[in-house]
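Structure, as structure tokens:
Coordinate-derived values only; no laboratory data. Note that the structure is a prediction, hence the values are computed from the model and not measured. Glycine also receives a Cβ, built like all others from the backbone with ideal geometry; neighbour counts cover every protein chain displayed.
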Amino acid sequence: MSNTDQLVRFESVSAGYGGVTVLDRIDLSLARGEVLAVLGRNGAGKTTLLNALFNLGPELSGRITVKGESVTNWPTHRIARLGLALVPQGRGVFHTLAVHESLRLATLARKPAGRSVSPSASPWTLDRVYREFPRLHERRLASSGALSGGERQMLALARALLTQADTIVLDEPSEGLAPLAVEEVLVHHVSRLAAEGLTVVLAEQNVAMALRVATRALVLSAGRMVFDGTPAALAADHALHQEHLGV
Ligand SMILES: Nc1ncnc2c1ncn2[C@@H]1O[C@H](COP(=O)(O)OP(=O)(O)OP(=O)(O)O)[C@@H](O)[C@H]1O
């Protein structure tokens with residue numbers, strides 16, 4: 001893999017809280033255009049891995065590189081300006097704002113430094129977001145707090161796109177969504193965006209959904225990486241499923 005294809009690299013990254021190790025010497029690399037599913041049971045360290053990438057809390061050791069820059073311990077906003085956007089668990093939308101206002105605010109957020117990093121030729125605008133998510137256009141005057149779970153996830157995704165990020169990181173996007181909403185928001189929209197060149201990382205408990213959209217999967221178990229490969233290889237590995245993903 002050439003350096004320009006490589007967006008993110010973890011080299012022996014350990015992370016923890018209050019001296020307790022939660023992630024243990026993780027090595028991984030993420031290439032442009034991949035849809036990477038980060039899987040594992042409750043407490044396996046999925047959120048900690050995403051938070052390590054954005055330097056959002058855990059104590060870190062090892063080395064994290066984003067687009068060739070060594071970003072370990074950089075402030076989160078500087079890491080984001082390299083073209084990464086995080087949609088946190090619970091979606092992080094302001095409940096009192098109308099959908100349109102929430103999206104408009106996202107267009108004002110600071111853009112990545114220098115050149116545009118959006119993978120598609122045209123930048124994300126409000127019009128383009130409303131074309132991609134017609135449901136948000138219908139609901140543009142509704143308060144964000146009145147949205148369904150699926151609509152709120154679309155709003156969070158749209159806000160991330162409006163920062164012109166080329167890499168979107170989603171923490172448990174299917175959590176609390178009805179099956180139809182999972183299908184519409186995640187399988188439909190995420191697959192479409194990935195087909196246009198967006199790089200996506202999603203931490204998920206919903207293994208079946210994640211494997212439908214992912215091009216690659218990692219499995220964490222008690223902070224160690226126990227699998228890194230294709231969704232097909234993971235789906236075929238029943239013993240690994242049983243041991244590290246089964247409920
Ligand atoms: N801020 C924190 N302070 C202390 N311990 C934490 C903190 N955040 C997470 N942990 C611990 O780290 C471990 C991994 O948590 P993490 O949230 O990364 O797992 P996860 O795989 O995302 O699980 P879930 O699916 O439940 O979100 C757990 O034992 C958790 O209790």
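Place a point 7 Å from Cα of Ala222 in the direction of its Cβ. Which residues in the range 230-244 have their backbone N less than 15 Å from it? 243-244, by backbone N distance to the label point. The magnitude of the dipole of the range 6-245, with charges of +1 and -1 set on the Cβ of Lys/Arg and Asp/Glu and taken from the Cα centre, is near 760 debye.
I want the antiparallel fraction of DSSP beta bridges within the chain, as a percent rounded to 5.
Of the beta bridges lying entirely in the chain, close to 55 percent run antiparallel.
How high is the FRET efficiency between Asn73 and Ser122 when r is their beta carbon distance and R₀ equals 25 Å, given to the nearest 0.05?
Calculated transfer efficiency: 0.10.
Ordering Leu180, Thr65, Leu162 by the projection of their Cα atoms onto the charge dipole of the chain, which places +1 on the Cβ of Lys and Arg and -1 on the Cβ of Asp and Glu, puts Leu162 at the extreme positive end.
Footprinting exposure proxy ranking of Thr163, Thr21, fewest other C-beta atoms within 10 angstrom first, gives Thr21, Thr163. Expressed as a fraction of 2.2 N^0.38 Å, the value expected for a compact globular protein of N residues, the C-alpha radius of gyration of the range 1-60 is 1.17. Adding -39500 (n - 2.57) for every DSSP H run of four residues or longer, then dividing by how many residues the chain holds, sets the calculated 222 nm ellipticity at -7000 deg cm²/dmol. Of the two radii for the range 145-247, the radius of gyration is 0.98 times the Kirkwood radius, both from the alpha carbons; that is the Rg over Rh value.
Ellipsoid semi-axes for the chain, based on the Cα gyration tensor and the rule √(5λ), read 28, 21, 17 Å when sorted largest first.
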